[in-house]
1. Could you list, ordered by first residue, the pairs with Cβ atoms under 6 Å in which the first is in the range 98-111 and closer than 15 Å to residue 86 by Cα and the second is open to solvent by 20 Å² or more (accessible area, probe 1.4 Å) and among the aliphatic types (A, V, I, L, M), at least 6 apart or interchain?
2. With the condition kept exactly as written, say whether any residue in the range 156-172 is open to solvent by 20 Å² or more (accessible area, probe 1.4 Å), over 24 Å from residue 124 (Cα atoms) and assigned to a loop (DSSP other than H, G, I, E, B).
3. Please tell me if residue 210 is surrounded by 21 or more Cβ atoms within 10 Å (Cβ to Cβ) and of a type outside the set (Gly, Ala, Ser).
4. Give the range 157-185 a look and list any residue that's β-branched (Val, Ile, Thr) and in contact with a His (Cβ under 7 Å, 6 or more places away or on another chain), or say none.
5. Looking at the range 254-269 only, could you name the residues that are in contact with a helix residue (DSSP H, G or I) (Cβ under 7 Å, 6 or more places away or on another chain) and open to solvent by 10 Å² or more (accessible area, probe 1.4 Å)?
6. Going through the range 106-151 one residue at a time, which ones are of a type in the set (Asp, Glu) and under 24 Å from residue 173 (Cβ atoms)?
7. Report yes if residue 194 is at pLDDT below 95 and either more than 15 Å from the chain's Cα centre (by Cα) or in a loop (DSSP other than H, G, I, E, B) (or both), otherwise no.
Amino acid sequence: MVRFTTSFAALALGAGMALAHEDIADKYPQSELYNKPVEFIPNVWSAIGATAPPTYENAGHNNNLSFVITGDGVVVINGGASYRLARALHDEIRQITDQPVKLVINENGQGHAILGNSYWAGQGVDILAHEDAIHEVKENGDFILQGMQGYNRDKAEGTTVVPANISFSDRHDFQMGDVTFEVLHLGPAHGPGDTQVWIPQWSVVIAGDIAFHERMPPIFADTCTSCWIETFEGPFTDLGATYVIPGHGHPTNMGTVTIGTVDYLRDLREKIGAHIDEGGDLAGAYYVDQAKWEYMDTFEELATKNAGRVFEEMEWE
């Protein structure tokens, strides 16, 4: 079993994960990145994004940009929110290792996962994504790009929509150097094509947006929350991961992301279910009591939206 590095232990054992930083505009101003990459367990690195909406100040780096050094090349998880952000991550990788980046994995079809593909493709790097994420990019890529250009302005320079050139359906296993990767789509969760990268020899999962803890999980109009719970409690939990790098927020463990994801979704579904049973309508659903979760970053932006979307989902169950 690999051991924690000092930096990982400091993060994982911090009181209440007090390092959430929704209100810090930029923690690494000398770079386009919001945070400098840190090695959490040997050879597994992540640049932790802001637990906040994308802004000009954080350059859209509000998710985790992770990479694994294998001995025969580097695997990057998430393309980044723009050409320039992907280039900034590559600059950091080059300071750490002279091994080339050989593969980029998109954890889903959202802008912060895929818009940096334009940089990586220009470097001749293969890009892997689930077939549903690729469909999302092809269908909505122009809209996703326009949204990023709106907040990122000049920082959007060079960014174009480039779908992944390699697709998978249920899983894509491969060996690179000393590391065996299992790239998985365990089932419906947060959004189309949610992807988890499981490295069994180190018991670490780079979980993507199936798992949250420091910031509130966003629920989309097409999210099936009951499916998300089922996927999380079934095949995701069955991995038995010791270490979890979520899509947003600091690396942690399964107990912590279970509270921040499944416990939150169950609580909200219970509150909305009771509201429906009492004859409540959509307007009232926005005000169900979510005070228990107010500690999460993006609570103000997402709590009422999430309640409304769960109401619209559950009224037809």
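The values are calculated or read from the model by the stated rules, or taken from the named source; none is laboratory data. Here the structure is a predicted model, which is why all the values come from computation and not from measurement. Reconstructed Cβ throughout: ideal geometry from the backbone, glycine too, with neighbour counts over all protein chains shown. All accessible areas refer to the heavy atoms of the entire protein, side chains included, with ligands and DNA or RNA removed. Shrake-Rupley method; radii C 1.70, N 1.55, O 1.52, S 1.80 Å.
1. 111/144
2. Looking for residues that are open to solvent by 20 Å² or more (accessible area, probe 1.4 Å), over 24 Å from residue 124 (Cα atoms) and assigned to a loop (DSSP other than H, G, I, E, B), one finds at least one in the range 156-172, hence yes.
3. Judged against the criteria, residue 210 is a match.
4. 183 - this is the single residue of the range 157-185 that is β-branched (Val, Ile, Thr) and in contact with a His (Cβ under 7 Å, 6 or more places away or on another chain).
5. Once the filter is applied, which keeps residues that are in contact with a helix residue (DSSP H, G or I) (Cβ under 7 Å, 6 or more places away or on another chain) and open to solvent by 10 Å² or more (accessible area, probe 1.4 Å), the range 254-269 yields 254, 266, 267, 269.
6. 107, 126, 131, 132, 136, listed by residue number.
7. Working: at pLDDT below 95: no; either more than 15 Å from the chain's Cα centre (by Cα) or in a loop (DSSP other than H, G, I, E, B) (or both): yes.
No, not satisfied.
Condition check ((1) farther than 18 Å from residue 191 by Cα; (2) touching a Lys or Arg at 6+ places or on another chain (Cβ under 8 Å)) across all residues:
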{"position": "226", "(1), (2)": "no, yes"}
{"position": "230", "(1), (2)": "no, no"}
{"position": "272", "(1), (2)": "yes, no"}
{"position": "291", "(1), (2)": "yes, no"}
{"position": "296", "(1), (2)": "yes, yes"}
